[in-house]
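In what follows, a structure is listed as structure tokens, so that the remarks can point back to it.
The values are calculated or read from the model by the stated rules, or taken from the named source; none is laboratory data. Just so it is clear, the model here is predicted, and its values are computed rather than measured. Quick reminder, even Gly has a Cβ in these numbers, built from the backbone with ideal geometry, and neighbours come from all protein chains shown. Each accessible area value is taken on the protein alone, full model and side chains, heavy atoms only, with ligands, DNA and RNA left out. Shrake-Rupley method; radii C 1.70, N 1.55, O 1.52, S 1.80 Å.
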Amino acid sequence: MSSAPEQAPVYQRVFVTGMGMVSPMGNDAQAHINSMRKGETHFREIDFFDVSRQRVVTAGVADLPQYRSRYAISERAYNRLDRGSRLLLYATQKAIQDARMTAASDIPNNTPFVIGTSAAAMPLGEDYFKAETTEPFSRKGQLTRIEYYQPQKSMGSIQQALGFRGQTQIISNACASGANAIGHAFHLVKTGQHQIALAGGYDALAQMVFAGFDALQALSKSGIPRPFDVNRDGLAIGEGAAMLVLESEASMNARGAIPLAEICGYGMATDLHHLTQPHPEGKAAVKSMSAACQDAAIQPSEIQYINSHGTGTPLNDVAEANAICEWAGDHAKDIMVSSTKSAMGHLLGAAGAIESAVCLLALQGQFVPASLNIRDVDPACQFDLIQEPRDAAVDTVLTNSFGFGGCNASLIFRSPR
Amino acid sequence: MSAAGIGAGAIYQACMGELELTEEKRERIAGKETIVSEVRPVDAAALKAAMPKHPRLRRASNVSKFAITAACEAMGAELVERVQNQELRLGIVLMFMNGCVNYSNRFYTEVLADPSLASPIIFPETVYNAPASHVAGYLKSEGPAYTLISDSAGWFSSIKIAQDWLNAGQVDGCLVICAEELDWLVTEAFSLYSGRLHGTEGAAAIYLEKRSSRGASEVEIQSMIGPCDYTNTAERRDAIGSAWAIHAVSPDALLVDGLTGVARIDRDEQDILAAWSGKRVSPSAKLGFGGGATCGFQSIVALEALKNEHDSALVMASGTNQHAFSAHFRKS
């Protein structure tokens, strides 16, 4: 079948003018900076679902912000939202505020609201399941659970709460979802289809997902992940949300907005090796990083820092290390690489978004966060693996996100010029 | 792939009343009681016969099998081979409302019983993008692949993404797929909206190329209106009204609407489309409500109509809780 609309793309530069984040590190940018500068880890026992029979009982748990009276929805409506959507609402409000925008006047109707999530409102699905199996003829609360289990419903509530009307698009590409959402929104602005987009990702801890990773024996038994350590034994799950405001140069200038960074490259590729395991040489990772560079019209040698996917699982890290070395060639030894999952855990569908925010903080603060807890570096790491937070001149950075199903995504940000 | 059988033609025949669909009563024992749901499922034997063979599909969920079967039909053997031989850069956009519910149900049941015995084989198949991964794996497609979660009108958002990828030259062709599978979790959820809303399952897929790619195609998407977003019922009515502006482009077209046959659910769309005096067909009323596959089934009916007696067809997608869309398909 033919697709009729054919418009010559008009490329425009795209800047990040606001960001909001909530993660186990804290609920604002400064908390994240402080934590990364100190090299702190943030793992504790989960206390809001039963982990007593799990092999692992800890995760990166976020402090869920309370209902805020400035939200234009009632507390009752707020309470219908799942944990993850509440995290996202908070991050979105912070991003809009950071961009010095007033939702009603500065965010046009039909602004893309592109969200990545892996598990979406799974905790509500779990509650629905338990109610249907324990009290199948009591319908109390079930319709609400089903309505809000559908993430697009919650995204509508977030827009109501913050006073704007956007075009919701929810990308669920497992652990690459957040990066895909930001990359997709970037292209919507880059190609001139929109002047502003809100993009990010979220995921909250959910029993089924936590048990799933535990069943796969993908979780670190100690609860402390050690990405790129030769004896790494798995990841730690985390939760959180991050949101970016993306704007065309024209829109940014018209508003007098201050750019945090330019987003200049997005690449994606599919790893066909296995549903849950990457190709040992990271072939798709090489493709996604190369595609991002091509999109940004830069060479790998222009990248100073990579916020790696770096889960801490034996298979992921060696594949990513091999991919970085192949992609960067002789320049690999000069590239600083770290995984902030070592400090906050793997935020799944939010990972690409929070790690994009980390990249922006690195550009702003001229420092690179560390891969923590490393004792012996895996010999595959033929790059500058950052083991202590470091002040460094960084101008152009890349973040990788790789997910189940072979979804690989890479984003490139650089300091505004 | 649908309750009507194998292939797009079967959906069209069922919707035109040329094929009788059987309804199945599914029972779930809940304590001392039995909950009965009436559904229109895909025939397991038909699926097995139509589905391509691939190691990835041995343990895959039904929704993955539906998706890959529809994808292969949409592309045809020649294009499948070209993609598998890396001669064609393919994009894949797959959308759901519900996703991999069978295995999610099974895995969570195991987790609640004893998480130490929960199957590590099942869990990856519960992830939303597992079906898209299997489609890519079968086709050996290393290109872009998105899985979208949306209401039923998200089918058209998926088409828009495909158009973007094609226009940007990222891909030579793009598969757009929607799929759903039945489970008591889904059918009992549908019953919360109406006891008369019967579920169905299956997948629909279309393969898109730019107009200039391989000479003239038989059919094309002439225009789309949307997304017309809404966050509540009052806005929904306005959104459907905005999308319905499409009726002016082709008053002689076949209208493929989204009516389910349940008055309370259909009221807004019924009212707004009331003045339409041309031919119309309501796939959901015939097949059942297919969640995220609904608008895909509608579009398949529209495309099959173009192969038969119609030159032009309109699809109206009112959505359920996110957005409305409409589209005009016509012969090239």
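For segment A:86-244, take N as its residue count and report Rg(C-alpha) divided by 2.2 N^0.38 Å.
Segment A:86-244 yields a ratio of 1.20.
Considering chain B as a Gaussian network with a 10 Å cut-off on Cα pairs, which listed residue, B:PRO144, B:PRO283, B:PRO55, attains the greatest mean-square fluctuation?
Most flexible of the set in this elastic network: B:PRO55.
Add +1 for every Lys or Arg and -1 for every Asp or Glu among the other residues with Cβ under 13 Å from the Cβ of B:LEU259, and state the total.
Overall, the nearby charge balance is 0.
Counting alpha carbon pairs within less than 8 Å and at least 6 residues apart, what relative contact order, in whole percent, applies to segment B:108-252?
Working: 98 pairs, mean separation 20.2, N = 145.
Once divided by the residue count of segment B:108-252, the mean separation gives 14 percent.
Assign one of three labels to chain B, namely rounded, prolate or oblate, based on the Cα gyration tensor with a ≥ b ≥ c the square roots of its eigenvalues; rounded applies when a/c is under 1.5, prolate when it is not and a/b is larger than b/c, and oblate otherwise.
Oblate.
With +1 assigned to the C-beta of every Lys and Arg and -1 to the C-beta of every Asp and Glu, and no other charges, what is the dipole magnitude of chain A about the Cα centre in debye, to the nearest 20?
Numbers: 33 positive and 40 negative charges, 223 e Å.
That gives chain A a dipole magnitude of about 1080 debye.
Please report the antiparallel percentage of the DSSP beta bridges confined to the protein assembly as shown, to the nearest 5.
Roughly 60 percent of the beta bridges in the protein assembly as shown run antiparallel, per DSSP.
With the contact rule set at Cα under 8 Å and sequence spacing of 6 or more, what percent relative contact order holds for chain A?
Once normalised by length, the contact order is 23 percent.
Compute the accessible area per residue over the protein assembly as shown, keeping the other protein chains in place, probe 1.4 Å, unit Å².
Each residue of the protein assembly as shown exposes 34 Å² on average to a 1.4 Å probe.
So how far, in whole Å, is the C-alpha centre of segment A:241-284 from the one of segment A:303-317?
For segment A:241-284 versus segment A:303-317, the Cα centre distance is 16 Å.
Calculate the translational D of the protein assembly as shown in whole µm² s⁻¹ from Stokes-Einstein, where the hydrodynamic radius comes from the Kirkwood formula applied to all Cα pairs, the temperature is 20 °C and the viscosity 1.002 mPa s.
84 µm²/s
Given springs between every Cα pair under 10 Å in a Gaussian network model of chain A, which of A:MET19, A:MET155, A:MET243 has the largest fluctuation?
Result for chain A, Cα springs under 10 Å: A:MET155 fluctuates most.
How much of the accessible area of chain A, probe 1.4 Å, is carbon plus sulfur, in whole percent?
Using a 1.4 Å probe with all protein chains present, chain A comes out at 47 percent carbon and sulfur.
Kindly work out what percent of the DSSP beta bridges joining two residues of chain A are antiparallel, to the nearest 5.
Bridges in chain A that DSSP calls antiparallel: roughly 65 percent.
Can you send over the carbon and sulfur percentage of the accessible area for segment B:102-199, probe radius 1.4 Å, protein chains only? Mind dumping the intermediate values first?
Working: 1260 of 2340 Å².
Here carbon and sulfur together make up 54 percent of the probe-accessible area.
Classify segment A:346-417 as rounded, prolate or oblate from the Cα gyration tensor: take a ≥ b ≥ c as the square roots of its eigenvalues, call it rounded if a/c is under 1.5, otherwise prolate when a/b beats b/c and oblate if not.
Oblate shape, in that a/c is at least 1.5 and b/c is the bigger or equal ratio.
Given axes a ≥ b ≥ c from the Cα gyration tensor, I'd like to know whether segment A:281-417 is rounded (a/c under 1.5), prolate (a/b larger than b/c) or oblate. Please report the intermediate quantities before stating the final value.
Details: a/c = 1.20, a/b = 1.06, b/c = 1.13.
Note, shape of segment A:281-417 comes out rounded.
Given the options B:TYR103, B:TYR146, B:TYR193, state which has the largest fluctuation in a GNM of chain B using a 10 Å cut-off (strictly under) for Cα springs.
Largest GNM mean-square fluctuation: B:TYR193.
Rounded to the nearest 0.05, what FRET efficiency do A:SER222 and B:LEU19 give with R0 = 56 Å and r taken as the Cβ-Cβ distance? Could you check?
0.40
Starting at 0 and stepping by 20 Å, how many percent of the alpha carbon pairs of chain A end up in each bin?
Spelled out per bin, shortest first, that is 29, 59, 12, 0.
What is the packing order of peptides A:63-76, B:122-135, B:289-302, taking the mean over residues of other C-beta atoms within 10 Å and listing the highest first?
For the peptides A:63-76, B:122-135, B:289-302, the packing ranking is B:289-302, B:122-135, A:63-76.
Given an 8 Å cut-off on Cα distances and at least 6 residues of separation, report the relative contact order of chain B as a percent.
22 percent
How large is the dipole of the protein assembly as shown about the Cα centre if only Lys and Arg carry +1 and Asp and Glu carry -1, each at its Cβ, rounded to the nearest 20 debye?
It works out to roughly 640 debye.
Nearest 500 deg cm²/dmol is fine: what mean residue ellipticity at 222 nm does chain B get from its DSSP H runs of n ≥ 4 alone, each adding -39,500 (n - 2.57), divided by its residue count?
So the helix-based figure for chain B works out to -11500 deg cm²/dmol.
What is the distance in Å between the Cα centres of segment A:364-417 and segment A:191-224?
Answer, in whole Å: 18.
Efficiency by 1/(1 + (r/R0)^6): what FRET value for A:ALA392 and A:ILE258, r their Cβ-Cβ distance, R0 = 30 Å, to the nearest 0.05? Don't jump to the answer; show the numbers that get you there.
Values: r = 23 Å, r/R0 = 0.76.
The pair A:ALA392/A:ILE258 has a calculated efficiency of 0.85.
Summed for both chains, how many Å² of accessible area, to the nearest 100, are buried between B and A with a 1.4 Å probe?
6400 Å²
For B:ALA50, what is the net charge nearby, where nearby means another residue's Cβ is under 15 Å from its Cβ and Lys, Arg count +1, Asp, Glu -1?
Taking every other residue near B:ALA50 into account, the sum is 0.
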